[in-house]
Amino acid sequence: MRIQHIITLVLVLGSVKVYAQDPIFTQSNYIQETLNPGFSGFEDSDRIAAGLLTRTQWPNLDLRIDTQYAYLNKSFDYGPSLGFGLGINFLRQHETFNKYNYYQINVNYMHRVNLNDGWFFRPAIEVGLGFKDIGFSNLTLADQININTGVVNPNSVDPLSNNADNVFFGDISAGIVVEREELNNVTYWFGVSAKHLNRPNISFVDGEKLPLDIFYSVHGNFRFPFLNDYKIMMTANYMQQGEYNRLDIGSLFTVNQFLVGVTAATNPAKNDDSSHLLTSINAFVGLEYEAFRFGLSYDANTTNIGRTNGVYEFSLTYLSRCRNCKVDRRRKR
């Protein structure tokens with residue numbers, strides 16, 4: 001066990017960049033609050049939206065990662081020319097191998113601008129507080145171990161033993177959504193967001209600087225009727241953080257209260273010779289029951305990383321009734 005602690009420290013210090021990447025959810029194409037604060041209050045009509053999303057990645061490996069996300073937002077409407085949304089969300093990530101934990105809580109504000117011909121412009125800002133913990137107190141450094149006797153000294157002369165700490169940081173993000181209201185049962189929108197605009201320092205070592213890369217996302221959605229009573233939603237989402245990027249392209253079929261979707265996750269950058277363009281095929285099934293929507297997705301790995309047993313996500317979302325509508329309309333997304 002002591003050797004594992006040493007290996008953990010080496011991995012932590014040698015791959016700090018890994019912890020500078022944001023968690024990404026497969027179901028972000030359907031729960032856009034994970035990407036863009038402009039979706040706070042997106043449903044309008046004084047409706048309340050809430051949800052919980054949990055993700056388990058690579059459960060068959062020692063590198064298992066568990067991530068949870070929860071959100072709550074509400075729209076406020078004061079006539080045709082004034083509307084805004086307020087929201088709060090919480091993110092947690094835990095890595096089994098090295099006991100790494102990441103927590104963040106954010107609040108956001110979206111302002112709706114009514115344009116001509118049924119267009120809406122929704123700029124938004126988000127501010128939050130993040131916390132990262134790598135569990136340095138549980139590590140045993142090499143100079144603490146006497147190989148001949150097996151005795152472990154409680155003290156170390158390594159400067160990191162007294163110079164490493166947990167990380168707290170403030171965070172600022174922004175986003176916009178441009179939406180066309182439903183016309184002939186056809187709706188579409190697109191959005192752009194940028195997280196970590198203030199480039200917070202996330203270094204675990206006191207006195208060192210490791211600015212968190214800005215996370216950019218460009219996403220769009222087009223929904224149209226199919227065979228009269230059914231609908232198809234086409235989605236696309238491009239993400240970029242530092243040298244890494246990802247493009248998700250998918251579709252979602254709505255048949256009565258059932259939903260079936262598939263997404264292709266790609267790596268356009270292909271950062272090295274061993275990178276794959278197509279990294280996974282992601283299947284989604286869902287069920288709408290009154291105000292609730294249940295969703296389950298599974299990512300089937302298409303690379304040579306090994307038998308990871310894929311990635312599982314479960315979501316539960318809630319949308320209150322349409323308070324200021326003559327007819328209680330369905331979800332926009």
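Every read-out reported here was derived from the displayed coordinates using simple, explicitly stated rules and does not represent laboratory data. Being a predicted model, the structure only gives us computed values, none of them experimental. No Cβ is skipped: glycine too gets one built from the backbone with ideal geometry, and neighbour counts run over all protein chains shown.
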*Starting from the Cα-Cα distance between Phe131 and Val218, subtract it from 0.36 nm times their residue separation and give me the gain in nm to one decimal.*
28.7 nm
*asked:* Exceeding 19 Å between C-alpha atoms, which entries from my cross-link table qualify? They are Lys209/Lys270; Lys132/Lys209; Lys74/Lys332; Lys132/Lys195; Lys231/Lys332.
replied: Lys209/Lys270
_Once R0 is set to 41 Å, what does the formula 1/(1 + (r/R0)^6) return for the Cβ-Cβ distance between Ala269 and Phe294, expressed as a FRET efficiency to the nearest 0.05?_
0.75
*Can you give me the relative contact order of segment 182-316 as a percent, contacts being Cα pairs under 8 Å and 6 or more apart?*
13
_FRET E, pair Thr302, Gln68, Förster distance 25 Å, beta-carbon r, rounded to 0.05_ = 0.45
*Which net charge results when you count Lys and Arg as +1 and Asp and Glu as -1 among the other residues whose beta-carbon is under 14 Å from that of Pro268?*
-1
*asked:* Which three numbers, in whole Å and largest first, are the semi-axes of the equivalent ellipsoid of segment 200-284 derived from its Cα gyration tensor as √(5λ)?
replied: 36, 16, 11
*Between Leu52 and Leu183, how many nm apart are label points set 7 Å from Cα along the C-beta direction?*
4.1
_Quick one: 3J(HN,Hα) in Hz for segment 233-247, Karplus 6.51/-1.76/1.60 with θ = phi - 60°, rounded, Gly and Pro as x._
10, 9, 10, 8, 8, 9, 10, 9, 9, x, 8, 9, 9, 7, 10
_Residue exposure sequence - Arg333, Arg122 - by fewest surrounding Cβ within 10 Å_ = Arg333, Arg122
_Cα-based Kirkwood hydrodynamic radius, segment 37-101, one decimal, Å_ = 13.8
*When you take every Cα atom in segment 174-333, what is the radius of gyration, and what is Dmax, the widest Cα pair distance, in Å?*
19.1, 63
*Roughly what would the spin-label model give for Ser320 and Arg199, points 7 Å off Cα along C-beta, in nm?*
4.1
_Two-site FRET efficiency, Phe226 against Asp206, from Cβ-Cβ distance with R₀ of 45 Å, rounded to 0.05_ = 0.20
*Starting from 0 in steps of 5 Å, tell me what percent of the Cα-Cα pairs of segment 89-134 lands in each bin.*
6, 17, 17, 13, 11, 10, 8, 7, 6, 4, 1
*With a 10 Å Cβ neighbour count serving as the proxy for reagent exposure, in which order, fewest first, do Glu33, Glu43, Glu181 appear?*
Glu181, Glu43, Glu33
*What is the list of residues in segment 192-233 whose amide nitrogen lies under 15 Å from a point 7 angstrom out from the Cα of Ile172, following Cα to Cβ?*
194-201, 212, 214-215
*Fewest Cβ neighbours within 10 Å first, please rank Lys332, Lys195, Lys209 accordingly.*
Lys209, Lys332, Lys195
